[in-house]
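Encoded as structure tokens, the structure appears first; notes follow it.
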Amino acid sequence: MCGIVGHIGCKASQRSREVVLGGLARLEYRGYDSAGIALASDEGLYVRRAVGKLVNLVEEVDADSPADAYAGIGHTRWATHGRPTVANAHPHTSPDGRFTLVHNGIIENADTLRAALVAYGETFASETDTEVVVHLLARAYDEAAPASYTGAVAGLSGTDEEVARRLVVAMRAVTAQLHGTFTLLVVSNQSPNVIVAARRSSPLVVGLGEGENFLGSDVLAFVEHTNRAVEVDQDEVVVVSATGVTVIDPAGNPVEREAYE
């Protein structure tokens, strides 16, 4: 069973690398054959993936000493679509480098969707169903109008809010095409101040911090940092920033969700 971790904080915190790698370590009990991390900052997206134990990924990241980041997502993978290789490890990035995504679950119609994308001239770097999703997301983002989502986006304004709204529209358009199970987390070089996620028949929990928020496939991913959480229900999309969490129901409306300890 794969593991997912996400973290986003204010620019002063700059600790997403530490939080994401620590969360992945607490999810090692699930088992995995590869691991990866994506960090978002004003300098863009940093992505690293490694086969085998998490320590292999940690050593690569430590050797790189990437720029401090205040948003990040991570993943531990059991191979389903494709062998356990670096190319098949998560996160997967869109061909233009704008979007990076992690995924738990199985997209049952991935082959059909891939064939349609290939017919449009798209090329793929992996054997995974997940890479199909990030290709679709990049195309949907370009087609999305921010005004298509008119509900709230907590904790964001200006360009960050516009990017979040477009990502909500794009994520809803993509998930409507998917058959199967998924938890999806995406970060973008369009704005390092937002993570957008969605789920269907695969767990996702949002942890609520002070000036930072967390995401995980299990509360163990972030329990070291907060004991307050919000659940994301079936076919919902969630926008997470350092200071706000907006849950959007299957009809496209923001919904209030009570936190629990």
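When the charge dipole of the range 16-97 is built from unit charges on Cβ atoms (+1 for Lys and Arg, -1 for Asp and Glu) and taken about the Cα centre, the candidate among Val58, Tyr29, Ala87 whose Cα reaches farthest toward its positive end is Tyr29.
Across Cys2, Cys10, the residue with the most accessible area heads the list, and the full order at a 1.4 Å probe is Cys10, Cys2. Seen from a random direction on average, the alpha-carbon convex hull of the range 189-254 projects onto 4.7 square nanometres.
Label separation (Ala115 vs Asp233): 3.7 nm, computed from points 7 Å beyond Cα along the C-beta direction.
For the range 134-239, the fraction of C-alpha pairs farther apart than 17 angstrom is 54 percent.
Simple spin-label estimate for Thr85 and Glu210 gives 4.8 nm between the two label positions (7 Å along the Cα-to-Cβ direction from each Cα).
Each 10 Å bin from 0 upward holds the following percent of the Cα-Cα pairs of the range 1-67: 20, 55, 22, 2.
The stretch between Glu59 and Asp142, if pulled fully straight at 0.36 nm per residue, gains 26.3 nm over its current Cα-Cα span. Ligands, DNA and RNA are left out, and with a 1.4 angstrom probe the accessible area of the range 89-213 is 36 Å² per residue.
Think of it as helices only: each DSSP H run of n ≥ 4 in the chain is worth -39500 (n - 2.57), and spread over all residues that comes to -8000 deg cm²/dmol at 222 nm. This structure gives log10 I(q)/I(0) by the Debye sum over Cα atoms at q = 0.08 Å⁻¹, computed directly, and of [x] -0.26; [y] -0.44; [z] -0.31 that value is listed as [x].
Share of Cα-Cα pairs in the range 54-133 beyond 16 Å, in percent?
Details: 1845 of 3160 pairs.
When all Cα pairs of the range 54-133 are counted, 58 percent exceed 16 Å.
The order of Val86, Val19, Val58 by accessible area, most exposed first and with a 1.4 Å probe, is Val86, Val58, Val19. Just the protein heavy atoms count here, and of the accessible area of the range 1-116 at 1.4 Å, carbon and sulfur take up 53 percent. Which distance in Å, rounded to a whole number, links the C-alpha centroids of the range 144-215 and the range 16-34? Comparing the Cα centres of the range 144-215 and the range 16-34, I get a distance of 22 Å.
The values are calculated or read from the model by the stated rules, or taken from the named source; none is laboratory data. Owing to the predicted nature of the structure, the values given are computational and were not obtained by experimental measurement. Note: ideal-geometry Cβ built from the backbone for every residue, glycine included; neighbour counts use all protein chains shown. SASA here: full protein model, heavy atoms, side chains in, ligands and nucleic acids out. Shrake-Rupley method; radii C 1.70, N 1.55, O 1.52, S 1.80 Å.
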